[in-house]
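The values are calculated or read from the model by the stated rules, or taken from the named source; none is laboratory data. If you're wondering where the values come from, they're calculated on a predicted model, not measured in any experiment. Cβ placement follows ideal geometry from the backbone for every residue including glycine, while neighbour counts extend to all protein chains displayed. Calculation scope for accessible area: heavy atoms of the full protein, side chains included, ligands and nucleic acids excluded. Shrake-Rupley method; radii C 1.70, N 1.55, O 1.52, S 1.80 Å.
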Amino acid sequence: LHVFLLSTLVLALAACGGGSSPADIEMSMWKKIQSGDYEKAVELWYDNSEHKEGADPKEVKEFIKAFSEKIKVESDKKGGIQSVKLDSETFSEDGQTATVSVTVTYKDGTTDSQKNDYKKIDGKWKMENSK
């Protein structure tokens, strides 16, 4: 569950800032999480992930609130995030998919490796939710 929450959080962070590459998106989301702006991180993830069109705005708002609270609890258990290091950004030969890997270091000294897949949808990078 913890790895799933962190992976989802990573996705959320990736969305913030509207970066042009998958790495830009990923690092933006992590910066929001690191600064404690969990709700904004989840909003950014949702906006920059492949999600069902026509989602109920009320349900989306409830999801963002609930998920941001879970992310905060998981991060707080480890004293918060000390740093996030971009390990790699690799693209497929056709340039339509990419994988971003990061290492998250927590203030308690523990680390987690995260890897997220992206694909281009209508010319914009979106995090894949199919996992």
Sort LYS115, LYS78 by heavy-atom solvent-accessible area, probe 1.4 angstrom, most to least. LYS115, LYS78
Rank these by accessible area, largest first, 1.4 Å probe: GLU93, GLU69, GLU26, GLU128. GLU93, GLU69, GLU128, GLU26
ASP76 to GLN96: FRET efficiency via 1/(1 + (r/R0)^6), r the Cβ-Cβ distance, R0 25 Å, to the nearest 0.05? 0.10
Can you classify the range 79-121 as rounded, prolate or oblate using the Cα gyration tensor, where a ≥ b ≥ c are the square roots of its eigenvalues, rounded means a/c under 1.5, and otherwise it's prolate if a/b beats b/c and oblate if not? prolate
In terms of the Cα gyration tensor, with a ≥ b ≥ c the square roots of its eigenvalues, is the range 50-102 rounded because a/c is under 1.5, prolate because a/b exceeds b/c, or oblate? oblate
Of the listed pairs LYS40/LYS126; LYS61/LYS120; LYS58/LYS115, which have alpha-carbon separations greater than 21 Å here? LYS61/LYS120; LYS58/LYS115
Please list SER101, SER49, SER35 in order of solvent-accessible area, largest first, computed with a 1.4 Å probe with all protein chains present. SER35, SER101, SER49
When only C-alpha pairs under 8 Å and at least 6 residues apart count, what is the relative contact order of the range 70-131, in percent? 26
With the label point 7 Å along the Cα-to-beta-carbon line of SER35 and a cut-off under 15 Å to each amide N, the hits in the range 75-113 are 81, 84
